[in-house]
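Nothing in this text is a laboratory measurement; each read-out follows from the coordinates by a stated rule. Every value quoted in this text rests on a predicted model; they were computed, and no experiment measured them. FYI the Cβ positions are ideal-geometry reconstructions off the backbone, even for glycines, and counts take in every protein chain you see.
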Amino acid sequence: MTVAVEIRRLSVQDYHRMVEAGILAPDERVELIEGQLYQMAAKGTFHSAAITRIKRLLETRLGNRVLLRFQDPVRLSDDSEPEPDVAVVRPDPLDYEDHHPTPAEIYLLIEVSDRTLKRDRDLKAPAYGRSGIREYWILDVNARQLYVYREPGVEGYANFVVLAESDLIAPLAFPDCQVSVEDLLRRRAEPSWE
């Protein structure tokens, strides 16, 4: 027997009211994706180090052409306000003081995955694609590869590739910013000859 389950979808306004009312703590690690609240994973050391490497690399290569935001909300729609690990967005004179970046203002979103690969691929990729995010990367620190999603549409992304650590990539919006996947990952331990 199949039982139909009705789920009440939350809006971004509902989500913000829950914080204002004290139902959710302001620092509670949750994000709203397509009307559902999801608990965010704790940040491990590999995860944090990868974000630091991405920050250093993109700041050096892109400079003031972009604004880099780290684990801050983006407003995808009336029912989605996730907090991607890295958002490469258009510079804003107010540094987005009056609103969170929207898809038209976002060049690239990056998630760093050490324990969240399934959610990043199966939940976030389709949501980001349906929202019109032009490009989305998942850095899989365990398998040492980069998932690249492009060509957003109503079903998610039409173009998807997995790059090995030896591959090079440049964001669509900045073809002059070519990076090696390996540069985003921790260095491999050198063999010991003792």
For the chain, with a Gaussian network of springs between Cα atoms less than 10 Å apart, report the residue from Asp85, Asp183, Asp122 with the top mean-square fluctuation.
Asp122
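Around Arg8, under 15 Å between beta carbons, what's the net of Lys plus Arg minus Asp minus Glu among the other residues?
-3
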Would you look at the GNM of the chain, springs on alpha carbons closer than 10 Å, and say which of Glu20, Glu83, Glu59 moves the most?
Glu20
HN-Hα couplings for segment 166-174 via Karplus (6.51, -1.76, 1.60; θ = phi - 60°), in whole Hz with x for Gly/Pro, come out as 7, 7, 10, 8, 10, x, 3, 6, 9
Report relative contact order for segment 43-184 in percent, whole number only (criteria: Cα-Cα under 8 Å, sequence separation at least 6).
17
Mean residue ellipticity at 222 nm from the helices of the chain, using -39,500 (n - 2.57) per DSSP H segment of n ≥ 4 over the full residue count, to the nearest 500 deg cm²/dmol?
-5500 deg cm²/dmol
Using alpha carbons only, how many angstrom separate the centre of segment 31-45 from the centre of segment 134-155?
18
Rounded to the nearest 10, the angle in degrees between the Cα long axis of helix 45-62 and the longest principal axis of the Cα atoms of the chain comes to 80
At 4 °C and 1.567 mPa s, grab the translational diffusion coefficient of the chain from Stokes-Einstein with a Kirkwood Rh over Cα pairs, rounded to a whole number in µm² per second.
73
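Using the Cα centre as the reference, give the magnitude of the dipole from point charges on the C-beta atoms of the chain (Lys, Arg: +1; Asp, Glu: -1; all else neutral), rounded to the nearest 20 debye. Please report the intermediate quantities before stating the final value.
Details: 25 positive and 34 negative charges, 82 e Å.
Using only the charged Cβ atoms, the result is roughly 400 debye.
Packing-wise, with mean Cβ within 10 Å as the measure, how do 152-160, 133-141 rank, highest first?
On the way: 152-160: 14.0, 133-141: 22.7.
The most tightly packed comes first, giving 133-141, 152-160.
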If the reach is capped at under 12 angstrom between alpha carbons, list the aspartates and glutamates near Lys118, excluding any in the same chain fewer than eight residues apart.
Asp140
